[in-house]
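To start, the structure under review is shown below, and the notes come after it.
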Amino acid sequence: MLTRLRGRTNRDASLWFWVFVGPFFAGLVLFIYVPIGWSVYLSFFEAYNTVTPTEFVGLANYRDMLTDQAFRDSLLTFVVFAAFIVPTTFALSLLTALLVARTRVMQAFFRSVFFLPVACSYVVAALVWKMSIFSGMSSGAANALLGLAGVSPIPWLSITDPPWYWLVIVSARLWLQVGFYMILFLAALQRVPVTLYEAAAIDGAEGWQVFRHITWPQLLPASTAVLLLLLINAFQAFDEFYNILAGFSGYPPYARPPLVYLYYTALGSGQNFGDGSAGAVILTVLIAVVALAQTRLLRLGGRD
Amino acid sequence: MARPHRPLPSLSRRRVLALGGVGALGASLAACGDNTGRGGSTSPDGAGSSAAGRPQIAQWYHQYGEAGTQEAVERYAADYGPADVTVSWKPGDYDQSTAASLLTDSGPDVFEYGNGPTIDMIRGDQVADLTDLFGDTLDDFTPSLVERMTYDGKVWAVPQVVDTQVLVYRRSLLEQAGIEPPQQISELVEAARELTRDDVKGLFLGNDGGAGLLGGPMLWAAGLDYLDGERVGFDSAGAPEALAVLRTLWTDETVLLGQAKDWFDPDALTSGRAAMQWTGLWTFPMIAEALGDDFGVIPWPAMEGGSPSVPVGAYGSCVSTRASDVQAAQDFVRWLWIEQTDKQLDFATAYGFHLPSRTSLVPEADVLSSGPAADAAGYVTDHGHAQTPLLWTPQSATAWSDMMNRIVRDGADPQAELDALVPIVEAELERVTG
């Protein structure tokens, strides 16, 4: 009787497991793994205007993409971009988290203020940056400020020397992202046992020492997650780049994220799914390699 | 990549832009799976027909920004007797979602596409040959567009309405400076210098300094073209010199940059920030309202050995080979876009400001019969070039656009850039003609 009951409970448990997990699992397989597999399959075929290609071309698509100067440039640009934006966002969000956690007055207000931009759509923020803050007109916010100092209006997004467009993009991205990672750090900060700080205080530790020997080690697991997310985000850049830089006559050949390039290759009027898929696979491998290397090099979270 | 990037933007895409359809990726994806407008009563043998035996036709349009356009095309469809036509009005990234839907059974029967179907659609047997629909009216259609929509001796689309880009100038500003409207590129460069004053620039060619729009017109000015038949058309000594002119305008700082409203809006000209502007025919009503008759229009000037030019574009009406009844769909296209001239005239001039694609209709439209609009209509016939040739694939267009940006904005060497472009275009030509 007892065993029968237990068997039934197990069956029930597994039934409910599938009731709850099944739909998500099915969705994951159908909308994530099948497309990934299909994309890998397509990358070995000539697939213009079709997703059921017949002409097997081996590695030719990979050769096309790797010899394509524009694609290589976009990959290189984004390695450099990631090398800049990842540490910058990391440092800024950690700094804001520490400041917000310390503050005694209006803590809820400051948390909300820094987190609010996360709720803003990338597209909307991009358009605000492009059309009002960094508009090239003398009435744009940035130019109006410069105008007070007697500087003539700068067409931020038109000129490439100096590359002011990076200022526009990076500031938009920081504004949008810092709050989110700040929240991750805040959550991690609140999990640091107060007793550690108290013990350190008794031992005479203060300021930088406390951060270096208590806060920072305690934040390591969160830091690993933040770094990985930042890195993947940097390579997946699309929305704000596309909406800030793409004009009527297309996306200029600078600050062009790999995804924007692939979007035009595969989904644009090009409909070149073979090359597009090969590019996507290359990009995926690149992200995986960099992420693995980063985890190894920094030895973050390994013992968590 | 642009495309033209958007690669290959057709002129009338501005109407999408007019509705703020910038970056509407999500919308395009969402549009893939929705109602095809074909009705639910497709019979089991696959021939689309209702219970009454009338053919069902699903017709797709991109979302025009002009008020009344949607009602107009629905009215035209309702007027058609022999079949039930259901109009679908597609917001978002129309070209992308339509191209994708042609791969499926849920695509349209009749659809419009910028400058006709792509070479890949034609060679992939996705669109039907429409040559026979024209009969003896073919000569009446804008020649540059018929050529653009012809491949292998067959015509693959019927041009709906024509859009063009021209150089508009403020008469009063040119008169004050004692300058005649420029006929030659050298005169244009000089005029731009003369007209540039404190807060007025001589010329507005778009926020990219003309890199996106004026590469083609510069080739034509030098007597060259993107392609010469199935060969590269710019592999010649005149090309680097021609493209370098745009860089000269940039370094002279006589071109206006950083405008909130790009070249497809006349704001820079009408507000007095530029004395001359490259813009579309569709802006004429706005310009006339702001400036009265204080504006004139010229084609893009010529260099030695070339001729003046205006780029011409049109949405072409195409028939999908996956249509449930291809013959019925073709009959409808002939009826609407070839025979029903009053509807074509209504569509061209009653909601926006375009040219009917049948040249014999131009004089019948009051708004096109005089002034700058009449001049522009004449340029389309005399100096019109399809924006880009049919065999100019998205990949070629992207590489070209990248090159133009590097030459104009970064000051790259035109000869070296052109040399690097030739093999890319040749590879694409071989792919699509091989």
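A compact table of results
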read-out: C-alpha long axis of helix B:394-405 to longest principal axis of chain B, angle in °; value: 20 degrees
read-out: Carbon plus sulfur fraction of accessible area for the protein assembly as shown, probe 1.4 Å, in percent; value: 59 percent
read-out: Calculated P(r) of region B:308-434 - Cα pairs past 21 Å, %; value: 61 percent
read-out: Karplus (6.51, -1.76, 1.60) ³J(HN,Hα), θ = phi - 60°, over region B:94-108, in Hz, Gly and Pro reported as x; value: 4, 4, 5, 5, 5, 4, 5, 5, 5, 7, 10, 8, 9, x, x
read-out: Heavy-atom accessible area order for A:Phe90, A:Phe241, A:Phe114, largest first, 1.4 Å probe; value: A:Phe114, A:Phe90, A:Phe241
read-out: Equivalent-ellipsoid semi-axes of region B:164-311, from the Cα gyration tensor, Å, largest first; value: 26, 16, 14
read-out: 1.4 Å probe, heavy atoms, protein only - residues of region A:31-69 losing at least 40 Å² accessible area vs chain alone; value: A:Tyr48, A:Asn49
read-out: Dipole in debye (nearest 20) - region B:121-256, about Cα centre, beta carbon charges: Lys, Arg +1; Asp, Glu -1; value: 400 debye
read-out: Gained length - A:Trp18 relative to A:Asp73, 0.36 nm times residue gap less alpha-carbon distance; value: 15.2 nm
read-out: Accessible heavy-atom area order of A:Thr96, B:Thr381, highest first, probe of 1.4 Å; value: B:Thr381, A:Thr96
read-out: Hz values of 3J(HN,Hα) by residue in region A:212-228 - Karplus curve (6.51, -1.76, 1.60), Gly and Pro given as x; value: 5, 9, 10, 4, 4, x, 5, 8, 3, x, 4, 4, 4, 4, 4, 4, 4
read-out: Förster radius 51 Å - calculated FRET efficiency between B:Ala260 and A:Asn10 (Cβ-Cβ, nearest 0.05); value: 0.20
read-out: Residue range of chain B that is longest and free of GluC sites (Glu not before Pro) which are both DSSP loop and sparsely packed (at most 15 other C-beta within 10 Å); value: B:1-229
read-out: Principal axis dimensions, largest first and in whole angstrom, of chain B by Cα; value: 71, 48, 43
read-out: Calculated Rg and Dmax of the protein assembly as shown using C-alpha coordinates, Å; value: 29.1, 108
read-out: Largest to smallest accessible area among B:Ser357, B:Ser370, A:Ser39 [probe 1.4 Å]; value: B:Ser370, A:Ser39, B:Ser357
read-out: Long-range amide H partners of A:Phe45 with built H, under 5 Å; value: A:Val57
read-out: Solvent-accessible area of B:Arg247 with every protein chain in place, 1.4 Å probe, in Å² to the nearest 10; value: 60 Å²
read-out: Label-to-label distance, nm, for residues given as B:Glu147 and B:Asp129 (7 Å Cα→Cβ offset); value: 2.3 nm
read-out: A:Thr88 paired with A:Ala225, simple spin-label distance in nm, labels 7 Å along Cα-to-beta-carbon; value: 2.6 nm
read-out: Solvent-accessible area per residue, Å², over the protein assembly as shown with all protein chains present [probe radius 1.4 Å]; value: 43 Å²
read-out: For B:Gly384, residues with placed amide H under 5 Å, excluding near neighbours; value: B:Val310
read-out: Cα-Cα pairs of region A:164-276 separated by more than 22 Å (percent); value: 54 percent
read-out: Derived scalar couplings ³J(HN,Hα) [region A:50-59; Karplus, 6.51 cos²θ - 1.76 cosθ + 1.60; whole Hz; x for Gly, Pro]; value: 8, 10, 10, x, 10, 8, 6, 10, x, 8
read-out: Label-to-label distance, nm, for residues given as B:Ala374 and B:Glu430 (7 Å Cα→Cβ offset); value: 5.3 nm
read-out: Total accessible area lost when B and A pair, probe 1.4 Å, Å² to nearest 100; value: 3200 Å²
read-out: Anchor B:Lys201: lysines whose Cα lies under 29 Å away (excluding residues fewer than 8 positions away in-chain); value: A:Lys130, B:Lys261
read-out: With DNA, RNA and ligands ignored, accessible area of A:Tyr254 (1.4 Å probe; Å², nearest 10); value: 20 Å²
read-out: Cα long-axis angle, helix B:69-79 against chain B (0 to 90 degrees, to the nearest 10); value: 30 degrees
read-out: Length released on extending from A:His213 to A:Trp166, taking residue separation times 0.36 nm less the Cα-Cα span; value: 13.3 nm
read-out: Computed magnitude of the charge dipole of the protein assembly as shown (debye, nearest 20; Cβ of K, R +1, Cβ of D, E -1); value: 4360 debye
read-out: Theoretical FRET efficiency, 1/(1+(r/R0)^6), r = Cβ-Cβ of A:Leu28 and B:Glu175, R0 60 Å, to 0.05; value: 0.30
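The values are calculated or read from the model by the stated rules, or taken from the named source; none is laboratory data. Predicted model only: the values in this text are computed from it and were never measured. When we count neighbours, we look across all protein chains shown, and the Cβ atoms used for this are built from the backbone with ideal geometry, even at glycine. Side chains are part of the model used for accessible areas, which takes the heavy atoms of the whole protein and leaves out ligands, DNA and RNA. Shrake-Rupley method; radii C 1.70, N 1.55, O 1.52, S 1.80 Å.
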